[in-house]
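Following: one structure in structure tokens, then a few remarks.
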Amino acid sequence: MSATYDPHAVEKSVQQTWEEAASFRASESGAGDKFYCLAMFPYPSGQLHMGHVRCYTLGDVINRYQRLKGRNVMQPMGWDAFGLPAENAAIKNGIPPASWTRDNIAYMRGQMQALGFGIDWSREFATCDPDYYHWEQWFFTKLYEKGLVYRKSSVVNWDPVDQTVLANEQVVDGRGWRSGALVERREMPQWFLKITDYAEELLDELDRLEGWPESVKSMQRNWIGRSQGVDIDFPIPDTDDTLTVYTTRPDTLLGATYVAVAAEHPLARRAAQSSPEVAAFVDKCRNRKTAEADVATVEKEGVPTGLSVTHPLSGEPLPVWVANFVLMEYGSGAVMSVPGHDQRDWEFARKYGIRIVQVIEPADAEACDLDAEAFVSYGRLVNSGSYDGLSSAEAFDAIAAALEGKGLGRRRTNYRLRDWGVSRQRYWGCPIPMIHCDDCGIVPVPEEDLPVRLPTDVTFEGVRSPLTTMESFYAVDCPGCGKRARRETDTFDTFMESSWYYARFASPDANTPMVDDRANYWTPVDHYVGGIEHAILHLLYARFFHKLMRDQGLVRSDEPFTRLLMLGMVLMDGRKMSKSSGDAANPQALLDKYGADAVRTAMMFAAPPDQSFEWSEAGVEGQARFCRRLWNLVHEHLAGGDVPALDPAGLSEAGRELRRKTHETIARADDDYGRRLMFNTVVSAVHELCNLVGRTEPANDQDRAAAREALRTALIVLSPIAPHVTQALWRDLGEASLLVASRWPEVDESALVQEMVELVVQVNGKVRGRLQVAHDADDAAVREQALANDNVVRFVDGKTVRKVITVPGKLINIVVG
RNA sequence: GCCCGGGUGGCGAAACUGGUAGACGCGCCAGACUCAAAAUCUGGUUCUGGAAACAGAGUGUCGGUUCGACUCCGACCCCGGGCACCA
């Protein structure tokens with residue numbers, strides 16, 4: 001290898017070496033415990049952005065570290081290829097989504113290869129491959145047979161001009177992004193998966209996911225949202241019907257002064273027929289996004305319907321309001337309102353002059369002023385007849401029992417989690433394998449007719465899915481009766497594809513349904529790496545799918561991801577990096593200028609993985625400089641000739657110091673890679689080690705042997721992060737084996753022993769001096785030495801020593817007063 | 001609005017279990033090399049005062065616990081992620 005460092009030549013040659021040695025081809029028969037290392041596959045948006053570079057470098061660092069630790073590692077890569085952007089590109093530029101996607105994949109694959117990721121490319125697939133979505137369709141029909149799939153009406157954003165359904169993202173300020181038309185809420189029949197059947201298991205198993213960050217588990221817990229409450233029936237006068245609401249606070253039932261229903265609720269519709277005001281309000285509610293954030297931040301408004309219901313305990317009539325903060329898709333679409341003890345109800349009641357009744361008083365000294373705000377804590381019941389004096393908890397049971405006795409209530413465990421709507425009125429997705437027959441109703445596509453292939457020779461006329469007008473696609477014979485029937489033209493939510501791809505990587509060519517037994521060797525994924533933005537939806541759906549596959553007998557484990565690393569966002573100009581970020585976000589220019597090792601090292605060095613940070617190019621120059629320095633350091637060392645076998649007894653003091661640093665670095669980096677997942681400090685540690693090698697002038701041949709050991713260590717330790725330059729220098733040091741096939745070095749504990757340690761002396765918690773003491777010096781001697789220190793004397797003199805606190809090996813704090 | 005994070009020099013950060021705040025790097029300043037520049041090397045670099053020794057202040061804000069707080073507790077401010085059709 002040449003004397004000057006040429007990153008591009010080095011990287012090309014080393015990548016070829018890996019290719020020839022098939023270094024990253026994974027096999028079930030490999031030596032060592034299996035380790036499935038997976039980074040969330042990308043959407044093929046066109047080119048990699050810095051967020052991708054971060055994610056896949058982190059994944060590759062884990063991959064290469066685990067190899068050094070002797071694991072049989074599999075790191076695959078694929079493409080989450082269905083989705084909106086391809087369709088938008090097609091509409092905008094007339095390029096068919098399939099070819100646009102294929103081109104993007106080819107380009108991005110090349111970029112990943114240039115970055116030197118140790119991926120087993122033989123397992124690659126894209127979710128738009130019929131070989132992949134075939135099994136998704138097969139699985140859906142199995143779930144249908146099991147009763148886990150159903151059809152129900154649900155609300156979508158409707159663009160009345162383009163006559164199409166919009167994603168939340170495509171609604172800007174209440175208007176369609178393309179047409180500018182005011183978006184309407186519209187109900188449509190859609191396919192749903194019964195994720196709520198698994199709510200309890202999805203929640204309870206979180207407690208066993210020890211390798212997941214607490215924050216993510218907490219987000220999932222809150223999302224699933226288990227609560228204990230009561231369904232309460234409010235009889236509707238002059239009918240046999242009741243209006244059912246769910247509440248977690250039945251103790252406040254006697255404080256209910258009205259009930260509120262959603263604009264889509266049957267009672268609201270009934271009222272709208274006779275009241276123009278109600279009709280106008282219901283109509284106004286149609287121009288609202290479906291996103292919860294919009295609903296939660298909207299100004300709370302409502303109108304009385306003129307209807308009333310009967311309070312189930314007091315028998316008094318309660319007015320029914322239509323309110324914009326009640327959602328039809330949550331529970332029954334109706335809530336009871338207790339303005340005295342719920343802040344939202346309090347504000348609504350204040351605004352519209354509705355009665356506010358106190359039924360809970362504080363059980364302790366807590367402040368309670370219903371003229372200022374609602375009292376939302378638990379307490380003791382008042383103004384509640386026979387329930388007065390009970391605690392909230394006692395009243396919960398007593399009132400629930402009373403309602404149950406009257407047949408007007410039932411205790412129920414409720415989940416906030418809603419069933420998963422998987423229908424999308426779009427073209428570029430996996431066709432839903434269902435057929436609508438006038439006579440037979442819903443008929444799943446028979447197994448032998450799968451896959452239902454998505455036609456790729458399509459032209460977009462306007463923005464609607466071409467499938468809806470493509471007779472060759474939708475016109476089919478009913479598999480049941482043979483009569484003409486209509487194929488479903490909706491496609492799946494793309495979260496369907498990303499919910500089981502990790503299992504498919506284990507057996508990418510399986511055509512026994514879905515996956516084969518190799519999935520039981522590789523799954524669960526040992527370490528899953530991806531962006532924090534996926535903390536809830538993707539991970540929850542994938543966990544759900546894993547349990548569905550388990551119950552189908554396809555996998556044996558309960559959870560798909562053993563350990564989880566959630567990456568912070570890479571920001572550009574303070575904003576989330578996206579497909580629309582400009583050139584600054586494009587790693588290609590950096591790659592061309594500095595090479596992969598500098599880009600990878602700079603990315604790892606910039607911040608710990610879980611932290612969001614603003615990307616800037618500045619750090620890359622510095623790490624390119626470091627790669628060069630490392631190169632020169634090794635070559636200067638080699639110019640000194642061969643070194644003898646290391647014998648620690650022959651080291652100078654500086655040599656011993658270097659050797660201590662070497663073994664400290666091994667221990668520290670091992671912990672940082674394996675436990676802490678702090679790769680930025682690994683880079684720092686290698687910098688420090690190399691700085692010391694450069695500063696240490698060898699006094700003898702043994703010192704040179706220590707320098708050799710330090711350099712070998714630096715190369716192994718850095719190799720997961722900067723795999724090319726370290727491999728090239730490894731060979732220059734005369735090592736015949738590849739670094740990727742090497743083993744993590746052992747720490748020599750005897751090298752860590754330090755005879756003298758520095759001790760900090762504090763007076764009243766402030767540093768006033770430093771001592772050099774023997775590492776095994778006893779407390780009394782250290783204390784005496786500390787009190788004799790000149791600067792310490794200045795602060796202690798004339799005062800009484802009240803206390804002396806010693807932290808062995810660290811500090812001594814003298815408390816004076 | 002709700003749930004989950006974050007806030008430390010000019011900048012990215014480190015300080016892991018309550019024990020030296022600012023490791024490592026970027027930038028900047030000075031010096032060496034050079035006709036010169038780039039590159040490279042050496043030294044300095046939290047702020048204030050001081051030639052220095054050293055002193056005072058300092059981890060978003062305010063308060064608390066402690067011999068000792070970036071770290072624990074309470075209240076608040078600001079920024080980011082998610083909120084079910086972006087992926």
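On the basis of being crowded, with 19+ Cβ neighbours inside 10 Å and without any contact (Cβ under 8 Å) to a residue 24 or more places away in the chain, does A:Ala39 make the cut? Here the answer is no, as A:Ala39 does not meet what is asked. Pairs are defined by a Cβ separation below 9 Å, a sequence spacing of at least 6 or placement on different chains, a first member in region A:477-495 that is without any contact (Cβ under 8 Å) to a residue 24 or more places away in the chain, and a second member that is assigned to a loop (DSSP other than H, G, I, E, B); the pairs so defined are A:Asp477/A:Lys483; A:Arg484/A:Asp438; A:Arg484/A:Cys478.
Does A:Ile119 satisfy the condition of being hydrophobic (A, V, I, L, M, F, W, C), assigned to a loop (DSSP other than H, G, I, E, B) and surrounded by fewer than 18 Cβ atoms within 10 Å (Cβ to Cβ)? Judged against the criteria, A:Ile119 is not a match. Restricting the first member to region A:653-682 and to residues that are at positive phi, and the second to residues that are more than 14 Å from RNA strand B (Cβ to nearest atom) and among the β-branched types (Val, Ile, Thr), the beta-carbon pairs closer than 9 Å and six or more apart or on different chains are A:Leu677/A:Ile62. Looking only at residues in region A:422-434 that are of a type in the set (A, V, I, L, M) and either within 18 Å of A:Ser154 (Cα to Cα) or assigned to a loop (DSSP other than H, G, I, E, B) (or both), which one is nearest to RNA strand B (Cβ to nearest atom)? Selected residue: A:Val422.
Scanning region A:681-700 for residues that are away from RNA strand B (no atom under 15 Å from the Cβ) and surrounded by 18 or more Cβ atoms within 10 Å (Cβ to Cβ) turns up just one, A:Pro698. Here the condition is being among the β-branched types (Val, Ile, Thr) and under 21 Å from A:Phe605 (Cα atoms); of A:Val747, A:Val725, A:Val761, it holds for A:Val725 alone. For region A:266-304, how many residues meet the condition of being more than 38 Å from the chain's Cα centre (by Cα) and under 29 Å from A:Asp173 (Cα atoms)? The number of residues fulfilling the criteria is 12.
The helices (runs of 4 or more DSSP H) found wholly in region A:236-325 and carrying at least 1 residues that are touching a strand residue (DSSP E or B) at 6+ places or on another chain (Cβ under 8 Å) occupy A:266-274, A:276-284.
Every condition in (1) of a type outside the set (Lys, Arg); (2) crowded, with 17+ Cβ neighbours inside 10 Å; (3) in a loop (DSSP other than H, G, I, E, B) holds for A:His527 except the one numbered (3). Within region A:178-218, restricting attention to residues that are among the polar types (S, T, N, Q) and not in a helix (DSSP H, G or I), the residue that is surrounded by the fewest Cβ atoms within 10 Å (Cβ to Cβ) is A:Ser179.
Listed here are the residues, each with its yes/no results for (1) touching a Gly at 6+ places or on another chain (Cβ under 9 Å); (2) within 15 Å of RNA strand B (Cβ to nearest atom); (3) within 21 Å of A:Glu200 (Cα to Cα); (4) assigned to a loop (DSSP other than H, G, I, E, B).
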| residue | (1), (2), (3), (4) |
| --- | --- |
| A:Glu533 | no, yes, no, no |
| A:Leu539 | yes, yes, yes, no |
| A:Leu548 | no, no, yes, no |
| A:Val555 | no, no, yes, yes |
| A:Leu565 | yes, yes, no, no |
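Considering every residue within region A:407-421, establish whether at least one is among the polar types (S, T, N, Q), in a strand (DSSP E or B), within 16 Å of RNA strand B (Cβ to nearest atom) and surrounded by fewer than 17 Cβ atoms within 10 Å (Cβ to Cβ). Yes: region A:407-421 contains one or more residues that are among the polar types (S, T, N, Q), in a strand (DSSP E or B), within 16 Å of RNA strand B (Cβ to nearest atom) and surrounded by fewer than 17 Cβ atoms within 10 Å (Cβ to Cβ).
Within region A:598-605, does at least one residue satisfy the condition of being more than 10 Å from RNA strand B (Cβ to nearest atom), modelled with pLDDT of 95 or more and over 30 Å from A:Leu571 (Cα atoms)? There is no residue in region A:598-605 that is more than 10 Å from RNA strand B (Cβ to nearest atom), modelled with pLDDT of 95 or more and over 30 Å from A:Leu571 (Cα atoms). If the condition is being under 15 Å from A:Thr242 (Cα atoms) and in contact (Cβ under 8 Å) with a residue 40 or more places away in the chain, then region A:305-330 contributes A:Leu307, A:Ser308, A:Val309, A:Thr310, A:His311, A:Pro312, A:Leu313, A:Pro317, A:Leu318, A:Pro319, A:Val320. Among the residues making up region A:287-307, those that are touching a Phe, Trp or Tyr at 6+ places or on another chain (Cβ under 9 Å) and surrounded by 14 or more Cβ atoms within 10 Å (Cβ to Cβ) are A:Val295, A:Lys300, A:Glu301, A:Gly302, A:Val303, A:Pro304, A:Thr305. So is A:Gly619 in a loop (DSSP other than H, G, I, E, B), over 20 Å from A:Met112 (Cα atoms) and at pLDDT below 95 or not? In short, no. Evaluated against (1) within 16 Å of RNA strand B (Cβ to nearest atom); (2) of a type in the set (Ser, Thr, Tyr); (3) under 30 Å from A:Pro720 (Cα atoms), A:Ser122 falls short on exactly one condition, (1). The residues in region A:200-238 that are among the aromatic types (Phe, Trp, Tyr) and within 15 Å of RNA strand B (Cβ to nearest atom) can be counted, and the count is 2. Annotation note: of A:Gly78, A:Gly59, the sole residue that is within 19 Å of the chain's Cα centre (by Cα), more than 13 Å from RNA strand B (Cβ to nearest atom) and under 30 Å from A:Gln727 (Cβ atoms) is A:Gly59. Scanning region A:474-510 for residues that are part of a loop (DSSP other than H, G, I, E, B) and under 19 Å from A:Pro42 (Cβ atoms) returns A:Asp493, A:Thr494, A:Phe495, A:Met496, A:Trp500, A:Phe505, A:Pro508.
Of all the criteria given as (1) over 19 Å from A:Ile354 (Cβ atoms); (2) within 16 Å of RNA strand B (Cβ to nearest atom), the one not satisfied by A:Ala262 is (1). Is there a residue in region A:45-59 that is of a type in the set (Lys, Arg), surrounded by 16 or more Cβ atoms within 10 Å (Cβ to Cβ) and in contact with a Lys or Arg (Cβ under 8 Å, 6 or more places away or on another chain)? No: zero hits.
The values are calculated or read from the model by the stated rules, or taken from the named source; none is laboratory data. Remember, predicted model here, so these are calculated numbers, not experimental data. Positions of Cβ are backbone-derived with ideal geometry, glycine not excepted, and every protein chain shown enters the neighbour counts.
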